Amino acid sequence: MDKEGIIARLTKDLQDEHGAIIQYLNHAYGMGEGEIACEIEAIARDEMRHLDWLAETITDLGGAVSLERGKMRLGGALVPEWMQNDVLLEEGAITQYREHIKAIDDPKIKRLLKRILADEQAHRGSFEHLTAKVAAEGAKDVTGNRKDKTVEVINRGIEHEYTVVLQYLRHSYLSPDGEGKKQLEDQAINEMQHLGWLAESMVGSGGKPLIEHSEVDQSTDFADMLRADIKVEREVSEVYDRAAREAEDSGLKKLFLRMRDNEIYHAEVFSDLLEEEEKG
């Protein structure tokens with residue numbers, strides 16, 4: 001198989017890993033705090049690692065990393081139906097990885113896909129177990145229908161965090177600088193934490209998290225990427241500062257202030273990287 005064919009198959013795998021991450025996070029957040037939600041989040045973190053491995057491999061092959069989401073199964077009115085959808089998603093992934101392992105000749109890539117396949121097989125077993133467990137325990141969707149300014153502000157924050165996670169990961173894959181790559185990955189991880197905090201706050205406030213992203217910066221020059229990252233960090237730090245001043249709930253106020261300070265730190269890190277890059 002030629003390089004273009006390999007990249008096309010790995011891109012399909014990456015997009016489906018992206019979709020799985022969002023499906024599982026929706027299900028975990030929808031169940032609120034608890035052991036089962038933690039198990040599902042752990043599986044989502046496995047899928048994040050898969051996405052990263054696939055993106056790095058695509059980049060090494062000279063391909064462009066796609067940020068599109070693949071197949072998701074978000075239907076189902078009851079939690080056991082959610083878990084069954086997760087089983088079905090894993091079954092689809094297992095079938096696809098087996099097909100790609102058979103089709104791709106490169107031994108290193110085959111080895112990587114076999115590694116991911118082993119995880120997906122374990123995930124299917126976990127979700128089969130969870131399907132029975134949530135049915136026996138009567139697990140419920142704990143999200144609410146609250147719709148007000150607080151919900152709107154939190155969902156805007158979730159949209160921002162999801163967007164910059166994708167943006168910083170994309171920029172890290174394109175970064176020619178080792179330190180820049182590391183810092184972009186580190187800040188993406190921190191933004192993923194923010195998304196989780198906001199989603200949990202949303203559920204605790206009686207709302208439903210909306211995990212969607214806005215436009216991701218498409219720069220390819222490292223300095224331009226950093227300028228875009230600095231700009232978005234400065235803008236959102238002001239948004240969180242304003243949200244903290246307006247928040248009536250003390251816990252939410254503290255959360256906005258914490259994230260504001262994190263975003264200021266990110267902007268400073270990116271500014272240092274830009275200064276080094278401009279020095280040549």
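Values quoted throughout were computed directly from the atomic coordinates according to the rules given, and no laboratory measurement underlies them. Since the structure is predicted, the reported quantities are computational estimates derived from the model, not experimental observations. Methodologically, a virtual Cβ is constructed for each residue, glycine included, from the backbone with ideal geometry; neighbour enumeration extends over all protein chains shown.
Quick notes on this one:
- Sorted fewest first by neighbouring Cβ atoms within 10 angstrom, Lys12, Lys231 come out as Lys231, Lys12.
- Excluding same-chain neighbours fewer than eight residues apart, the lysines reachable from Lys208 by a Cα-Cα span under 18 Å are Lys140, Lys147, Lys149.
- Whole-Hz ³J(HN,Hα) from phi, Karplus 6.51 cos²θ - 1.76 cosθ + 1.60, for the range 216-229, glycine and proline x: 9, 4, 10, 4, 10, 7, 4, 5, 5, 4, 5, 4, 5, 5
- Over the chain, Cα pairs under 8 Å with separation of 6+ residues give a relative contact order of 17 percent.
- The modelled label-to-label distance for the pair Arg156/Ala118, using points 7 Å beyond Cα in the direction of Cβ, is 4.7 nm.
- Stretching the chain fully between Glu268 and Asn145 yields a gain of 40.5 nm (0.36 nm per residue, less the alpha carbon separation).
- Here Ile94 and Lys279 are evaluated by their C-beta separation; at R0 = 45 Å the FRET efficiency comes out at 0.35.
- Inter-probe distance in nm under a simple model that places probes 7 Å from Cα toward Cβ, at Arg245 and Met1: 5.5 nm
- Ranking of Asp2, Asp141, Asp46 by neighbouring Cβ atoms within 10 Å, starting from the fewest: Asp2, Asp141, Asp46.
- Normalised by the number of residues in the range 3-137, the average gap of Cα pairs under 8 Å and 6 or more apart makes the relative contact order 28 percent.
- Of all lysines in the structure, the ones whose alpha carbon falls short of 30 Å from that of Lys110, not counting any fewer than 8 places away in one chain, are Lys3, Lys12, Lys71, Lys102, Lys181, Lys182.
- Contour excess over end-to-end distance, with Cα ends at Ala103 and Arg49 and 0.36 nm allotted per residue: 17.2 nm
- Modelled this way, with points 7 Å down the Cα-to-C-beta line, the labels at Lys181 and Leu74 are 3.3 nm from one another.
- Helix-derived mean residue ellipticity, 222 nm - over the chain, DSSP H n ≥ 4, -39500 (n - 2.57), to 500: -28000 deg cm²/dmol
- With contacts taken as Cα pairs under 8 Å and at least 6 residues apart, the range 159-280 reaches a relative contact order of 27 percent.
- One entry in (1) 156; (2) 194; (3) 119 is volume of the Cα convex hull per residue in Å³ calculated from the shown coordinates; its label is (3).
- Between the range 111-159 and the range 39-105, the alpha-carbon centres lie 13 Å apart.
- Under 9 Å, Cβ to Cβ, from His18 - net charge with Lys/Arg +1 and Asp/Glu -1: -3
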